[in-house]
Amino acid sequence: MKLVIKKISFNEDIQYLRAFAVLSVIFFHLEKQIFPYGYLGVDVFFVVSGFLISNIVYSEMNKGNFTFRTFYLNRIRRIVPSLISVLLFSQLLAFLTLDSDKVISTTKSAISSLFFVSNVYFSQLINYFDGDNSINLLINLWSLSVEEQFYLLFPVLLFLIHKKSKKIQIFILFGIFLISLFSISSNYIYSNFDFLNKIFFNYSNFIFYSPLTRVWEFLVGIFFMIAHNNFQIRSSKSKELFKYLFLLILFIILFTDLTIFSDTYKLIFVNLITGFIILMSGKYKSNIGYLRKFLLHVG
């Protein structure tokens with residue numbers, strides 16, 4: 001039995017998640033002491049990306065109208081114009097405000113970002129949580145590079161396995177999921193593959209910047225996308241209640257330091273809660289007034 005996926009229509013809940021994610025990252029960089037876990041908004045984006053991109057690729061392959069050319073051109077049109085604008089503005093800002101060494105560093109960062117390998121470039125230079133990264137204008141583009149690497153490789157993987165049975169597809173995806181989790185829970189993979197030592201500066205940078213240690217987050221989005229296609233919760237009132245409950249929990253984790261869990265558990269909770277919010281999403285219209293409009297605009 002093949003895995004049949006239908007195209008999921010736009011819903012507001014994805015925009016709420018994007019708004020929470022981008023605001024938490026902004027607040028984190030404004031004041032890390034007050035919003036110490038705002039950086040986890042990046043992980044929300046990874047789950048959402050896994051959900052959206054996998055649905056696009058799966059649904060088009062099921063219809064038989066998927067082409068790599070169209071998919072990659074759509075990603076380029078969506079991302080590259082904004083990326084180039086950011087790179088040009090940052091280059092100008094660096095030229096006007098920083099010394100020559102920092103201008104050269106910004107230029108190298110821009111080139112690596114343009115080719116979507118800035119996660120590798122920055123992993124060889126700096127730990128993301130070092131205080132010195134505040135003067136690096138483009139360091140946050142590491143996450144865009146990880147996303148683009150996922151966009152590049154996932155359609156190829158799916159093209160190779162999409163005609164397999166549902167069980168085999170899920171088995172393969174879950175196997176990759178376990179390997180990715182293992183890579184962040186143990187240094188076995190990093191220490192036994194010399195090329196990883198050459199690409200990444202150290203094990204902590206490998207965990208943070210590597211697409212291997214991040215792919216499990218995209219897979220969380222993929223698994224919830226599959227669940228969203230195959231399991232529907234009938235009561236819209238129950239869905240809405242649980243959705244807002246999960247949004248509240250996500251808000252507490254991203255914008256406060258009230259939770260007592262370790263950083264690793266917070267990362268796992270953020271991924272799972274994001275997935276459950278997606279699972280509870282629907283076509284019903286929200287009634288949160290001006291807050292709704294604000295979140296939709298930011299998203």
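What residue, among those in region 1-57 that are under 17 Å from Ile249 (Cα atoms) and of a type in the set (Asp, Glu), is modelled with the lowest pLDDT?
Asp13
Tell me the residue from Ile26, Ile79, Ile34, Ile84 that is surrounded by fewer than 20 Cβ atoms within 10 Å (Cβ to Cβ), part of a loop (DSSP other than H, G, I, E, B) and β-branched (Val, Ile, Thr), please. Explain how you work it out, then say what you get.
Details: Ile26 fails: part of a loop (DSSP other than H, G, I, E, B); Ile79 fails: part of a loop (DSSP other than H, G, I, E, B); Ile84 fails: part of a loop (DSSP other than H, G, I, E, B).
Exactly one residue qualifies, and that residue is Ile34.
Residue-wise test of (1) among the charged types (D, E, K, R); (2) in contact (Cβ under 8 Å) with a residue 12 or more places away in the chain.
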residue: Phe150; (1), (2): no, yes
residue: Leu173; (1), (2): no, yes
residue: Ser180; (1), (2): no, yes
residue: Asp194; (1), (2): yes, no
residue: Glu217; (1), (2): yes, yes
residue: Phe223; (1), (2): no, yes
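Evaluate the following for Tyr188: is it open to solvent by 10 Å² or more (accessible area, probe 1.4 Å), free of Cβ contacts under 8 Å to residues at least 12 places away in the same chain and of a type outside the set (Gly, Ala, Ser)? Before you say what the answer is, go through the steps one by one.
On the way: open to solvent by 10 Å² or more (accessible area, probe 1.4 Å): yes; free of Cβ contacts under 8 Å to residues at least 12 places away in the same chain: yes; of a type outside the set (Gly, Ala, Ser): yes.
Yes.
Could you figure out which of (1) open to solvent by 70 Å² or more (accessible area, probe 1.4 Å); (2) more than 22 Å from Met61 (Cβ to Cβ); (3) modelled with pLDDT under 95 isn't true of Phe231?
Of the numbered conditions (1) open to solvent by 70 Å² or more (accessible area, probe 1.4 Å); (2) more than 22 Å from Met61 (Cβ to Cβ); (3) modelled with pLDDT under 95, the odd one out for Phe231 is (2).
Only residues that are in contact (Cβ under 8 Å) with a residue 40 or more places away in the chain, buried (at least 17 other Cβ atoms within 10 Å of the Cβ) and not aromatic (Phe, Trp, Tyr): list them for region 196-215, please.
Correct list: Ile199, Asn205, Ser210, Pro211, Arg214, Val215.
Look through Tyr151, Tyr121 and report the one residue that is open to solvent by less than 40 Å² (accessible area, probe 1.4 Å) and of a type outside the set (Val, Ile, Thr).
Working: Tyr121 fails: open to solvent by less than 40 Å² (accessible area, probe 1.4 Å).
Of the residues listed, the single one that is open to solvent by less than 40 Å² (accessible area, probe 1.4 Å) and of a type outside the set (Val, Ile, Thr) is Tyr151.
The values are calculated or read from the model by the stated rules, or taken from the named source; none is laboratory data. A quick note: this is a predicted structure, and the numbers were derived from the prediction, not measured. Reconstructed Cβ throughout: ideal geometry from the backbone, glycine too, with neighbour counts over all protein chains shown. To get the accessible areas, we keep the full protein, side chains included, count just its heavy atoms, and leave off ligands, DNA and RNA. Shrake-Rupley method; radii C 1.70, N 1.55, O 1.52, S 1.80 Å.
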